[in-house]
Structures are given as C-alpha cells and as structure tokens.
Amino acid sequence: MQSQQRLLVVLAHPDDESFLCGGTLAKMSEKGVHITLLCATKGEMGRRMGNPILTSRESLPGVRVRELKSACEELGINDLRFLHVRDKTIEFESIDLLAGRIVKVIREVQPDALVTFHKKYGGHPDHCAIGRAAELAFLISGDPDVYPDAVFSAFKIQSLYFVLWHAFYDKWLNENGLSSITRVNIAGTLQKKIRALRSHRSQTLAVPELWGNQKPNLPFLNESEYFIKGNSDMEETDLFQTIESLE
C-alpha cells in the first residue's frame, strides 16, 4: 500500500495548471503530495506567440511544452504526461476513448483525488470536453469490467474536484450554494504561482501587469483558489481537507 498522498490533475492546455490552480498545486507539493499532471494538448493553437513574438506557429508546441516543464518545476510537479490530442479538437474526440486513456493513468498512479474541469463551467470547449472525459474516467475506473488492463487493476478514487475559475464563481455560488465549494488559502504559495505563470512566457508576456511587480493586481492572483466538490461521499481524510487542516 502506498503511504504518500497522490493527486491527479487532468487539464487541457499548458498554462491551465498555473492560471487555475497553481497556488494549490504548489501547496500540495510543499505538503508532500505527489502530483501527476495529465495535459491533453500541447497548446499548438494558442493565440499568443509572445509579445514581442518569440516563436512561430510551427515551433509553438515545442515552446509551450518547455514552458510547461518549467512551470511544473516551480509548482513542484514531477510527473508530467500528455494525451497528445490536437489543441482545439478535444470536443471532437470520442469521450469513451479519452476516458479509457485517463482510466489507465488513474489505475497506474492510484491518486487520492482527481482535479479537472467542470463540463459546464469550463469556459472553453477543450476544457469542458476534457472535463467530461475525466469525470467519466473517475466514475468507471473502479469497475474491473471496464477497460480491463493486464498491468494495472481497477482503482476507485476517493475525491473529485473541478477547478472554479474566478469568472464563474458568482454564477456557481448563486446556482449551487457555498457548501459545494472548497476554498484553498494560497497566500503562502502565491509567489510560486506567479513564477509558474511567468514560465509560460509565450502566453503571459501579453499581460504586462503580471511582470510589473511582485504582487500583480490581477483577478486570478488573489490569495484563494476555489474548487467545486464533484462527489458528496468524501471521507474525513479527503486530500483537500487534509492540506487545509495542516495550516
């Protein structure tokens, strides 16, 4: 039996991890949690290529992969994997096939919790699509009759969370209430989040406020990050509750 707590994060693009939950991931890592980041694409269709331009459309995927690796070092993520889906096409992929690939990672990593996008509140078609696939994988990974694998046996994850982008916070709160939201205090790891965002230079050089001082005044850089609770049967040993109780 593994003793180290584990977190699996399934997102769509390089920089999603830093913008949406970078402070939480850094905090998890500081508390000794092993983090696996499964990124669906290489961000090859990203609309930004630096400001001033530092790459070309052809070389952008390689640049963004290198930037993501640098951001992972800042956040303490030492297990980075890709699904190699083309950027802006996740919604056209078979959800069953995507879920099956995610299930294999779940069964190998055996995480205590999974973080992904909400299928409705993702804010981008790629986000919503990978969220749907990851949620399905969460639901079926514990069924030995689904996607049987000779190497890794069925494994049921304890907790599911969806990242809650600040732009959707009020809407979710009004429709679902505060009890469905988990808040993580990231005051102690905010600078790591900022450094991770700066690692994604091709995308963030166009945000001058991010580069101007040590504590930029931006809506995604407050001292809290929020997550939607994806299942109601979480135990008291839930990973997110554990890191907050250690403050």
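Just a few scattered comments:
- Each residue of region 65-81 was assigned a 3J(HN,Hα) from its phi angle through the Karplus expression (A = 6.51, B = -1.76, C = 1.60, θ = phi - 60°), giving 5, 5, 4, 5, 4, 5, 4, 4, 4, 5, 8, x, 8, 10, 9, 10, 9 Hz with x at Gly and Pro.
- Separation in nanometres of the label points that stand 7 Å from Cα toward Cβ, at SER224 and SER153: 4.2 nm
- Two-decimal ratio, the chain, of alpha-carbon radius of gyration to 2.2 N^0.38 Å: 0.97
- Listed residues VAL184, VAL105, VAL146, most fluctuating in the chain (Gaussian network, C-alpha, under 10 Å): VAL146
- Heavy-atom accessible area for TRP165, with the other protein chains in place and a 1.4 Å probe, reaches approximately 70 Å².
- Ranked by the mean number of other Cβ atoms within 10 Å per residue, highest first, peptides 136-142, 126-132, 17-23 order as 17-23, 126-132, 136-142.
- Taking all protein chains together and a 1.4 Å probe, the residues MET28, MET45 rank MET45, MET28 from largest to smallest accessible area.
- Protein heavy-atom accessible surface, 1.4 Å probe, per residue over the chain: 46 Å².
- Listed pairs LYS42/LYS193; LYS27/LYS215; LYS88/LYS229 exceeding 22 Å between Cα atoms: LYS88/LYS229
- Ordered from highest to lowest accessible area with the whole protein assembly present and a 1.4 Å probe, SER70, SER3 read as SER3, SER70.
- Computed in the context of the full set of protein chains, the accessible area of the chain at 1.4 Å probe radius has 50% of its extent on carbon or sulfur.
The values are calculated or read from the model by the stated rules, or taken from the named source; none is laboratory data. Fair warning: this is a prediction, and the values are worked out from it, not measured in the lab. Virtual Cβ from ideal backbone geometry, glycine too; neighbours counted across all protein chains shown. Surface areas here come from the heavy atoms of the whole protein model, side chains and all, with no ligands, DNA or RNA. Shrake-Rupley method; radii C 1.70, N 1.55, O 1.52, S 1.80 Å.
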